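Every number in this text was worked out from the coordinates using simple rules, so none of it is lab data. Keep in mind the model is a prediction, meaning the values are calculated, not measured. Here the Cβ positions follow ideal geometry from the backbone for every residue, glycine too, while neighbour counts run over all protein chains shown.
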Amino acid sequence: MVAVISRRAALLSGVALVLTACTRAPRFLEYRGPEVTEVRVYKGARRLELWHHDQLLEDYEIGLGQNPIGHKEYEGDSRTPEGSYIIDRRNPQSAYHLSIGISYPNEEDTARAAAAGVPPGGDIFIHGRGEWGPERRGDWSAGCITVTNSEIEDIYAMVRDGTPIHLYP
């Protein structure tokens with residue numbers, strides 16, 4: 001009987017370790033390199049670049065919204081915005097591992113949507129893949145910019161609120 005209990009306890013401990021590895025909490029890294037002075041997103045090339053003035057620091061392959069061509073026009077269009085914005089917030093509790101907010105919509109976006117009689121939408125972020133991990137690739141978000149979970153940990157550490165972000169077609 002004792003051997004059965006010991007085997008059961010060992011099995012449960014092993015299952016707990018596997019589950020812990022699969023649902024890893026975000027790491028909060030410390031970055032001591034050059035300041036990121038600009039983020040550039042090239043939607044057509046599916047690239048995100050971190051710049052320190054005229055020096056490229058890092059670049060990443062990205063996914064976009066499910067409808068990636070064109071500028072975001074209204075809530076629910078699944079497009080990723082184009083234009084110049086600011087990194088304006090961060091969410092360490094994100095369902096997508098970690099996320100960094102983009103200041104969409106700006107005044108121009110809001111006015112354009114109002115003229116069309118539609119809401120502009122919002123909550124556009126750079127974020128990880130969350131619990132879906134490596135199997136979630138391509139353009140699957142509702143308009144956000146996606147990277148891997150480990151990449152968002154790096155970006156989260158490197159990019160500060162107030163950093164300009166430019167999104168190109």
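When the Kirkwood radius is taken over all Cα pairs of the range 89-152, what Stokes-Einstein diffusion coefficient follows at 10 °C and 1.306 mPa s, in µm²/s? Present the calculation step by step, with values, prior to reporting the outcome.
Numbers: Rh = 12.8 Å.
Roughly 125 µm²/s, to the nearest whole number.
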Pairwise label distance in nanometres, R46 with E73, each label 7 Å out on the Cα-Cβ vector: 2.5 nm
Euclidean distance between Cα centres, the range 102-169 to the range 45-72, Å: 10 Å
Fraction of antiparallel bridges per DSSP, the range 63-169 only, in percent to nearest 5: 80 percent
Coarse-grained scattering of the range 45-138 at q = 0.20 Å⁻¹, given as base-10 log I(q)/I(0) from a Debye sum over alpha-carbon atoms: -1.14
